[in-house]
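Colleague: Please read through the structure below; I'll follow up with questions.
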Amino acid sequence: MTGVTGALGGRVAARLAAAGHAPIRLLVRDASRAPRVPDAEIVEHPGGYSDGRGLVAALQGVHTLYLVSAAEAEDRLQQHVTAVDAAAAAGVQRIVYTSFVGARPDAVFTLVRQHWATEQRIAGTGIRHTFLRHNMYADFVPFFATPEDGRAVIAAPAGKGRTGFVSRDDLADVAVAVLLRDDDELDGQALDVTGPEALTMAEAAAVLTEVTGRPVEYRDQTVEEAWATRRPSGHPDWEIEGWVTSYLAIAAGELATVTDVVPRLTGHPALTVAEHLRRHPEDWAHLRS
Ligand SMILES: NC(=O)c1ccc[n+]([C@@H]2O[C@H](COP(=O)([O-])OP(=O)(O)OC[C@H]3O[C@@H](n4cnc5c(N)ncnc54)[C@H](OP(=O)(O)O)[C@@H]3O)[C@@H](O)[C@H]2O)c1
(Lines give C-alpha, C1' and ligand atoms only; values in the text may rest on other atoms or scores of the structure.)
Protein backbone atom coordinates (compact mmCIF):
# COMPACT_ATOMS: atom_id res chain seq x y z
CA MET A 1 0.00 0.00 0.00
CA THR A 2 1.14 3.54 -0.73
CA GLY A 3 -0.25 6.79 0.66
CA VAL A 4 -0.59 5.31 4.16
CA THR A 5 0.68 8.44 5.93
CA GLY A 6 -2.30 10.22 4.39
CA ALA A 7 -5.94 10.52 5.41
CA LEU A 8 -7.28 7.94 2.96
CA GLY A 9 -4.45 5.40 2.88
CA GLY A 10 -4.14 5.52 6.67
CA ARG A 11 -7.80 4.54 6.98
CA VAL A 12 -7.39 1.73 4.44
CA ALA A 13 -4.31 0.34 6.20
CA ALA A 14 -6.04 0.31 9.60
CA ARG A 15 -9.19 -1.33 8.22
CA LEU A 16 -7.25 -3.89 6.18
CA ALA A 17 -5.18 -4.85 9.22
CA ALA A 18 -8.35 -5.15 11.30
CA ALA A 19 -9.83 -7.45 8.64
CA GLY A 20 -6.71 -9.56 9.18
CA HIS A 21 -6.73 -11.48 5.93
CA ALA A 22 -3.48 -10.63 4.22
CA PRO A 23 0.08 -9.64 5.09
CA ILE A 24 0.44 -5.91 4.42
CA ARG A 25 3.47 -3.90 3.36
CA LEU A 26 3.30 -0.14 3.90
CA LEU A 27 5.46 1.95 1.56
CA VAL A 28 6.33 5.28 3.16
CA ARG A 29 8.65 8.15 2.30
CA ASP A 30 9.52 8.63 5.98
CA ALA A 31 9.36 5.60 8.30
CA SER A 32 9.00 7.81 11.39
CA ARG A 33 5.61 8.92 10.03
CA ALA A 34 4.31 5.43 9.25
CA PRO A 35 0.97 4.64 10.88
CA ARG A 36 0.97 2.03 13.63
CA VAL A 37 -0.67 -0.93 11.98
CA PRO A 38 -0.38 -4.31 13.70
CA ASP A 39 1.83 -6.83 11.88
CA ALA A 40 2.39 -4.57 8.86
CA GLU A 41 5.80 -4.47 7.25
CA ILE A 42 7.14 -0.91 6.83
CA VAL A 43 9.33 -0.19 3.83
CA GLU A 44 10.84 3.26 3.46
CA HIS A 45 11.33 4.70 -0.02
CA PRO A 46 12.26 8.37 0.48
CA GLY A 47 12.10 9.20 -3.24
CA GLY A 48 8.39 8.33 -3.48
CA TYR A 49 6.86 7.81 -6.91
CA SER A 50 9.68 9.73 -8.63
CA ASP A 51 12.23 7.09 -7.65
CA GLY A 52 11.49 4.16 -9.97
CA ARG A 53 14.50 2.10 -8.91
CA GLY A 54 13.67 2.48 -5.21
CA LEU A 55 10.08 1.46 -5.90
CA VAL A 56 11.06 -1.65 -7.85
CA ALA A 57 13.04 -2.77 -4.80
CA ALA A 58 10.25 -1.81 -2.37
CA LEU A 59 7.64 -3.73 -4.39
CA GLN A 60 9.50 -7.04 -4.65
CA GLY A 61 7.19 -9.94 -3.78
CA VAL A 62 4.05 -7.77 -3.76
CA HIS A 63 0.92 -9.38 -5.21
CA THR A 64 -1.58 -6.50 -5.04
CA LEU A 65 -0.61 -2.82 -5.01
CA TYR A 66 -3.02 -0.22 -3.60
CA LEU A 67 -1.71 2.81 -5.45
CA VAL A 68 -2.84 6.14 -3.99
CA SER A 69 -2.57 9.01 -6.44
CA ALA A 70 0.19 11.51 -5.61
CA ALA A 71 -0.21 14.97 -4.16
CA GLU A 72 -0.88 17.69 -6.72
CA ALA A 73 2.37 18.46 -8.53
CA GLU A 74 3.23 19.81 -11.93
CA ASP A 75 4.93 16.50 -12.79
CA ARG A 76 2.33 14.27 -11.08
CA LEU A 77 1.59 12.29 -14.23
CA GLN A 78 5.28 11.51 -14.73
CA GLN A 79 5.47 10.37 -11.09
CA HIS A 80 2.53 8.05 -11.64
CA VAL A 81 4.05 6.67 -14.84
CA THR A 82 7.29 5.95 -12.98
CA ALA A 83 5.38 4.19 -10.19
CA VAL A 84 3.29 2.09 -12.59
CA ASP A 85 6.34 1.05 -14.60
CA ALA A 86 8.12 0.14 -11.35
CA ALA A 87 5.18 -2.04 -10.34
CA ALA A 88 5.37 -3.84 -13.68
CA ALA A 89 9.14 -4.29 -13.37
CA ALA A 90 8.74 -5.67 -9.83
CA GLY A 91 6.22 -8.28 -10.99
CA VAL A 92 3.16 -6.89 -9.19
CA GLN A 93 0.11 -8.90 -10.28
CA ARG A 94 -2.75 -6.55 -9.46
CA ILE A 95 -3.15 -2.77 -9.05
CA VAL A 96 -6.02 -0.97 -7.33
CA TYR A 97 -5.63 2.72 -8.24
CA THR A 98 -7.41 5.72 -6.71
CA SER A 99 -8.69 7.67 -9.70
CA PHE A 100 -11.41 10.31 -10.05
CA VAL A 101 -14.95 10.34 -11.49
CA GLY A 102 -15.15 11.39 -15.11
CA ALA A 103 -11.54 10.41 -15.87
CA ARG A 104 -11.22 11.37 -19.53
CA PRO A 105 -8.51 12.98 -21.64
CA ASP A 106 -10.69 16.09 -22.08
CA ALA A 107 -12.11 16.34 -18.55
CA VAL A 108 -12.89 19.95 -17.59
CA PHE A 109 -11.06 19.43 -14.26
CA THR A 110 -7.48 19.53 -15.52
CA LEU A 111 -6.02 17.31 -12.78
CA VAL A 112 -8.48 14.56 -13.70
CA ARG A 113 -6.85 14.23 -17.11
CA GLN A 114 -3.76 12.91 -15.26
CA HIS A 115 -5.91 10.21 -13.68
CA TRP A 116 -7.12 9.13 -17.11
CA ALA A 117 -3.55 8.98 -18.43
CA THR A 118 -2.46 7.00 -15.35
CA GLU A 119 -5.32 4.53 -15.90
CA GLN A 120 -4.17 4.12 -19.50
CA ARG A 121 -0.63 3.43 -18.37
CA ILE A 122 -1.78 0.81 -15.88
CA ALA A 123 -4.02 -0.88 -18.44
CA GLY A 124 -1.12 -0.87 -20.90
CA THR A 125 1.06 -2.93 -18.56
CA GLY A 126 -1.35 -5.87 -18.80
CA ILE A 127 -1.43 -6.08 -14.98
CA ARG A 128 -4.86 -6.97 -13.55
CA HIS A 129 -6.39 -3.77 -12.26
CA THR A 130 -9.40 -2.02 -10.77
CA PHE A 131 -9.80 1.77 -10.86
CA LEU A 132 -11.66 3.36 -7.97
CA ARG A 133 -12.89 6.62 -9.46
CA HIS A 134 -13.60 8.71 -6.37
CA ASN A 135 -15.94 11.65 -6.39
CA MET A 136 -14.98 14.83 -4.48
CA TYR A 137 -14.38 14.23 -0.77
CA ALA A 138 -17.27 15.18 1.54
CA ASP A 139 -14.44 15.91 3.99
CA PHE A 140 -13.46 18.93 1.86
CA VAL A 141 -16.84 20.69 1.89
CA PRO A 142 -16.01 22.78 5.01
CA PHE A 143 -12.69 23.82 3.45
CA PHE A 144 -14.45 25.40 0.47
CA ALA A 145 -15.91 27.92 2.93
CA THR A 146 -13.97 31.01 3.99
CA PRO A 147 -14.95 32.50 7.38
CA GLU A 148 -16.17 36.10 7.00
CA ASP A 149 -17.41 38.02 10.11
CA GLY A 150 -19.58 35.49 11.88
CA ARG A 151 -20.60 33.83 8.65
CA ALA A 152 -18.74 31.94 5.95
CA VAL A 153 -18.80 32.07 2.18
CA ILE A 154 -18.17 29.50 -0.53
CA ALA A 155 -17.21 31.63 -3.53
CA ALA A 156 -16.69 29.54 -6.66
CA PRO A 157 -17.72 29.17 -10.32
CA ALA A 158 -19.72 25.97 -9.75
CA GLY A 159 -23.08 27.42 -10.82
CA LYS A 160 -25.98 25.10 -10.07
CA GLY A 161 -23.94 21.98 -10.83
CA ARG A 162 -24.14 18.98 -8.51
CA THR A 163 -21.46 16.87 -6.81
CA GLY A 164 -21.81 13.34 -5.42
CA PHE A 165 -19.58 14.14 -2.43
CA VAL A 166 -18.21 10.97 -0.81
CA SER A 167 -16.68 10.43 2.63
CA ARG A 168 -13.12 9.14 2.87
CA ASP A 169 -14.50 6.68 5.45
CA ASP A 170 -16.60 5.08 2.71
CA LEU A 171 -13.79 5.24 0.16
CA ALA A 172 -11.61 3.31 2.61
CA ASP A 173 -14.31 0.69 3.17
CA VAL A 174 -14.67 0.24 -0.59
CA ALA A 175 -10.92 -0.05 -1.04
CA VAL A 176 -10.73 -2.78 1.61
CA ALA A 177 -13.62 -4.67 0.01
CA VAL A 178 -11.97 -4.50 -3.41
CA LEU A 179 -8.51 -5.41 -2.10
CA LEU A 180 -9.87 -8.45 -0.29
CA ARG A 181 -12.20 -9.56 -3.08
CA ASP A 182 -9.49 -10.80 -5.38
CA ASP A 183 -11.77 -12.19 -8.09
CA ASP A 184 -12.02 -11.74 -11.84
CA GLU A 185 -15.28 -9.81 -11.60
CA LEU A 186 -13.53 -6.60 -10.57
CA ASP A 187 -10.74 -6.91 -13.11
CA GLY A 188 -10.56 -4.17 -15.70
CA GLN A 189 -13.38 -2.26 -14.02
CA ALA A 190 -13.52 1.47 -13.32
CA LEU A 191 -15.93 1.98 -10.43
CA ASP A 192 -17.39 5.44 -9.75
CA VAL A 193 -17.34 5.67 -5.95
CA THR A 194 -19.70 8.37 -4.74
CA GLY A 195 -21.91 9.53 -1.92
CA PRO A 196 -25.66 8.77 -1.83
CA GLU A 197 -26.81 12.12 -3.26
CA ALA A 198 -25.55 14.95 -5.45
CA LEU A 199 -25.67 18.43 -3.93
CA THR A 200 -25.33 21.86 -5.51
CA MET A 201 -22.83 24.14 -3.80
CA ALA A 202 -25.76 26.16 -2.42
CA GLU A 203 -27.17 22.95 -0.91
CA ALA A 204 -23.73 22.03 0.48
CA ALA A 205 -23.58 25.50 2.08
CA ALA A 206 -27.02 24.87 3.63
CA VAL A 207 -25.80 21.55 5.06
CA LEU A 208 -22.77 23.31 6.54
CA THR A 209 -25.05 25.91 8.09
CA GLU A 210 -27.27 23.24 9.61
CA VAL A 211 -24.43 21.13 11.02
CA THR A 212 -22.02 23.87 12.18
CA GLY A 213 -24.58 26.46 13.31
CA ARG A 214 -22.62 29.10 11.40
CA PRO A 215 -24.41 30.72 8.45
CA VAL A 216 -22.68 29.66 5.23
CA GLU A 217 -23.68 31.07 1.85
CA TYR A 218 -22.71 30.12 -1.68
CA ARG A 219 -21.63 33.00 -3.92
CA ASP A 220 -21.34 32.17 -7.60
CA GLN A 221 -18.26 33.53 -9.36
CA THR A 222 -17.27 34.11 -12.96
CA VAL A 223 -14.11 32.36 -14.13
CA GLU A 224 -12.30 35.72 -14.00
CA GLU A 225 -13.43 36.33 -10.41
CA ALA A 226 -12.35 32.81 -9.43
CA TRP A 227 -8.84 33.43 -10.74
CA ALA A 228 -8.65 36.94 -9.26
CA THR A 229 -9.59 35.74 -5.76
CA ARG A 230 -7.16 32.78 -5.87
CA ARG A 231 -4.14 34.48 -7.47
CA PRO A 232 -3.10 36.26 -4.24
CA SER A 233 -2.48 32.81 -2.69
CA GLY A 234 0.80 32.82 -4.63
CA HIS A 235 0.23 29.28 -5.86
CA PRO A 236 1.43 28.49 -9.40
CA ASP A 237 -0.97 28.81 -12.34
CA TRP A 238 -1.25 25.04 -12.96
CA GLU A 239 -2.47 24.59 -9.37
CA ILE A 240 -4.94 27.49 -9.46
CA GLU A 241 -6.18 26.16 -12.79
CA GLY A 242 -6.79 22.82 -11.04
CA TRP A 243 -8.83 24.49 -8.29
CA VAL A 244 -10.84 26.67 -10.68
CA THR A 245 -11.51 23.89 -13.17
CA SER A 246 -12.68 21.58 -10.36
CA TYR A 247 -15.60 23.99 -9.87
CA LEU A 248 -16.10 24.40 -13.62
CA ALA A 249 -16.33 20.60 -13.84
CA ILE A 250 -19.08 20.73 -11.21
CA ALA A 251 -20.88 23.43 -13.22
CA ALA A 252 -20.57 21.22 -16.33
CA GLY A 253 -22.16 18.28 -14.49
CA GLU A 254 -19.02 16.12 -14.55
CA LEU A 255 -19.16 15.40 -10.79
CA ALA A 256 -22.91 14.81 -10.53
CA THR A 257 -22.39 11.04 -10.63
CA VAL A 258 -24.14 9.03 -7.90
CA THR A 259 -23.73 5.25 -7.82
CA ASP A 260 -24.52 2.35 -5.49
CA VAL A 261 -20.89 1.19 -5.34
CA VAL A 262 -20.50 1.98 -1.61
CA PRO A 263 -23.54 -0.02 -0.43
CA ARG A 264 -22.99 -2.74 -3.03
CA LEU A 265 -19.39 -3.44 -2.02
CA THR A 266 -19.47 -2.60 1.69
CA GLY A 267 -22.97 -3.66 2.72
CA HIS A 268 -23.69 -0.31 4.40
CA PRO A 269 -25.20 2.91 3.04
CA ALA A 270 -22.91 5.70 1.91
CA LEU A 271 -22.66 8.69 4.27
CA THR A 272 -24.36 11.92 3.27
CA VAL A 273 -22.33 15.11 3.67
CA ALA A 274 -24.31 15.93 6.83
CA GLU A 275 -23.63 12.49 8.31
CA HIS A 276 -19.95 12.77 7.48
CA LEU A 277 -19.70 16.22 9.10
CA ARG A 278 -21.49 15.08 12.26
CA ARG A 279 -19.11 12.13 12.51
CA HIS A 280 -16.06 14.35 11.92
CA PRO A 281 -16.43 17.67 13.77
CA GLU A 282 -12.66 18.11 13.44
CA ASP A 283 -13.23 18.78 9.72
CA TRP A 284 -15.09 22.02 10.47
CA ALA A 285 -13.27 23.29 13.58
CA HIS A 286 -12.23 26.40 11.59
CA LEU A 287 -15.90 27.32 11.10
CA ARG A 288 -16.74 27.40 14.80
CA SER A 289 -17.61 30.92 15.93
N1 LIG B 1 -11.29 12.81 -4.40
C2 LIG B 1 -10.88 13.96 -3.88
O3 LIG B 1 -11.69 14.86 -3.55
C4 LIG B 1 -9.43 14.21 -3.64
C5 LIG B 1 -9.08 15.39 -3.00
C6 LIG B 1 -7.73 15.61 -2.77
C7 LIG B 1 -6.79 14.69 -3.18
N8 LIG B 1 -7.15 13.54 -3.80
C9 LIG B 1 -6.18 12.55 -4.25
O10 LIG B 1 -6.30 11.42 -3.40
C11 LIG B 1 -5.01 11.12 -2.79
C12 LIG B 1 -5.23 10.57 -1.41
O13 LIG B 1 -5.99 11.49 -0.65
P14 LIG B 1 -5.66 11.78 0.87
O15 LIG B 1 -6.79 12.56 1.38
O16 LIG B 1 -5.24 10.57 1.59
O17 LIG B 1 -4.37 12.75 0.72
P18 LIG B 1 -3.26 13.06 1.84
O19 LIG B 1 -3.82 12.98 3.20
O20 LIG B 1 -2.62 14.34 1.40
O21 LIG B 1 -2.22 11.86 1.66
C22 LIG B 1 -1.50 11.68 0.47
C23 LIG B 1 -0.65 10.45 0.66
O24 LIG B 1 0.03 10.17 -0.58
C25 LIG B 1 1.43 10.16 -0.35
N26 LIG B 1 2.09 10.77 -1.50
C27 LIG B 1 1.77 11.97 -2.06
N28 LIG B 1 2.59 12.22 -3.08
C29 LIG B 1 3.45 11.16 -3.15
C30 LIG B 1 4.54 10.83 -4.00
N31 LIG B 1 4.91 11.68 -4.98
N32 LIG B 1 5.20 9.68 -3.79
C33 LIG B 1 4.82 8.83 -2.81
N34 LIG B 1 3.80 9.08 -1.97
C35 LIG B 1 3.12 10.25 -2.14
C36 LIG B 1 1.64 11.01 0.89
O37 LIG B 1 2.88 10.67 1.49
P38 LIG B 1 3.72 11.72 2.41
O39 LIG B 1 3.06 11.69 3.76
O40 LIG B 1 5.08 11.20 2.40
O41 LIG B 1 3.57 13.07 1.75
C42 LIG B 1 0.43 10.60 1.72
O43 LIG B 1 0.65 9.36 2.34
C44 LIG B 1 -4.26 12.45 -2.85
O45 LIG B 1 -2.84 12.22 -2.84
C46 LIG B 1 -4.74 13.03 -4.17
O47 LIG B 1 -4.04 12.50 -5.27
C48 LIG B 1 -8.48 13.27 -4.04
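Colleague: For ARG133, what is the net charge nearby, where nearby means another residue's Cβ is under 12 Å from its Cβ and Lys, Arg count +1, Asp, Glu -1?
Modeller: -2
Colleague: So for HIS21, HIS286, what's the accessible-area order with a 1.4 Å probe, most first?
Modeller: Output order, biggest surface exposure first: HIS21, HIS286.
Colleague: On to the next question. Heavy-atom accessible area per residue, the chain, 1.4 Å probe: how many Å²? Can you show the working numbers first?
Modeller: Details: 12500 Å² over 289 residues.
The answer is 43 Å² per residue.
Colleague: What ranking of ASP260, ASP169, ASP183 comes out by heavy-atom accessible area, probe 1.4 Å, highest first?
Modeller: Sorted by accessible area, descending: ASP260, ASP183, ASP169.
Colleague: Now for a separate question. Given a cut-off of under 8 Å on Cα pairs at least six residues apart, what relative contact order in percent is computed for the chain?
Modeller: Details: 588 pairs, mean separation 54.3, N = 289.
That works out to 19 percent.
Colleague: Still on this model: Compute the signed sum of charges (Lys and Arg +1, Asp and Glu -1) over the other residues within less than 15 Å, Cβ to Cβ, of ARG181.
Modeller: Residues close to ARG181 contribute a combined charge of -2.
Colleague: Using only helices, what value at 222 nm comes out for the chain when you add -39,500 (n - 2.57) per DSSP H run of length 4 or more and divide by the total residues, to the nearest 500 deg cm²/dmol?
Modeller: My calculation for the chain gives -12000 deg cm²/dmol from helical runs alone.
Colleague: Rounded to the nearest percent, how much of the accessible area of the stretch 222-268 (1.4 Å probe, protein heavy atoms only) is carbon and sulfur? Working shown, then result.
Modeller: Values: 1310 of 2370 Å².
On the stretch 222-268, the fraction of accessible area on carbon and sulfur atoms equals 56 percent.
Colleague: Could you work out what % of the accessible surface of the stretch 47-175 is carbon and sulfur, using a 1.4 angstrom probe and leaving DNA, RNA and ligands out of the count?
Modeller: In the stretch 47-175, the share of accessible area belonging to carbon and sulfur is 50 percent.
Colleague: With equal scatterers on the alpha carbons only and no solvent term, can you work out the Debye log10 of I(q)/I(0) for the stretch 96-150 at 0.16, 0.20, 0.22 1/Å?
Modeller: Once normalised to I(0) and log-transformed, intensities are -0.57, -0.75, -0.84.
Colleague: Here's a follow-up. Over the alpha-carbon set of the stretch 1-140, divide Rg by the Kirkwood Rh and report the Rg/Rh ratio to two decimals.
Modeller: Over the Cα atoms of the stretch 1-140, Rg/Rh equals 0.94.
Colleague: Can you pull the accessible area of ASP237 for me, 1.4 Å probe, Å² to the nearest 10?
Modeller: 80
Colleague: What whole-number distance in Å separates the alpha-carbon centres of the stretch 243-288 and the stretch 156-201?
Modeller: After rounding, the separation between the Cα centres reads 9 Å.
Colleague: While we're here: Can you give the Rg to Rh ratio for the chain, taking only C-alpha atoms and Rh from Kirkwood?
Modeller: 0.97
Colleague: Then there is this: When the accessible area of the stretch 1-46 is split by element with a 1.4 Å probe, what percent falls to carbon and sulfur?
Modeller: Of all accessible area on the stretch 1-46, carbon and sulfur atoms account for 47 percent.
Colleague: Something else now. For GLU241, what charge total do you get from the other residues with a beta carbon under 14 Å from its beta carbon, if Lys and Arg give +1 and Asp and Glu give -1?
Modeller: Working: positive: ARG76, ARG113, ARG230, ARG231; negative: GLU72, GLU74, GLU224, ASP237, GLU239.
Local charge sum for GLU241: -1.
Colleague: When the Cα centres of the stretch 86-134 and the stretch 1-48 are compared, how far apart do they sit, in Å?
Modeller: Centre-to-centre (Cα) distance: 21 Å.
The values are calculated or read from the model by the stated rules, or taken from the named source; none is laboratory data. From a predicted model like this one, the values you see are computed outputs, not experimental measurements. Ideal geometry is used to build each Cβ from the backbone, glycine not excepted, and the neighbour counts take in all protein chains shown. Each accessible area value is taken on the protein alone, full model and side chains, heavy atoms only, with ligands, DNA and RNA left out. Shrake-Rupley method; radii C 1.70, N 1.55, O 1.52, S 1.80 Å.
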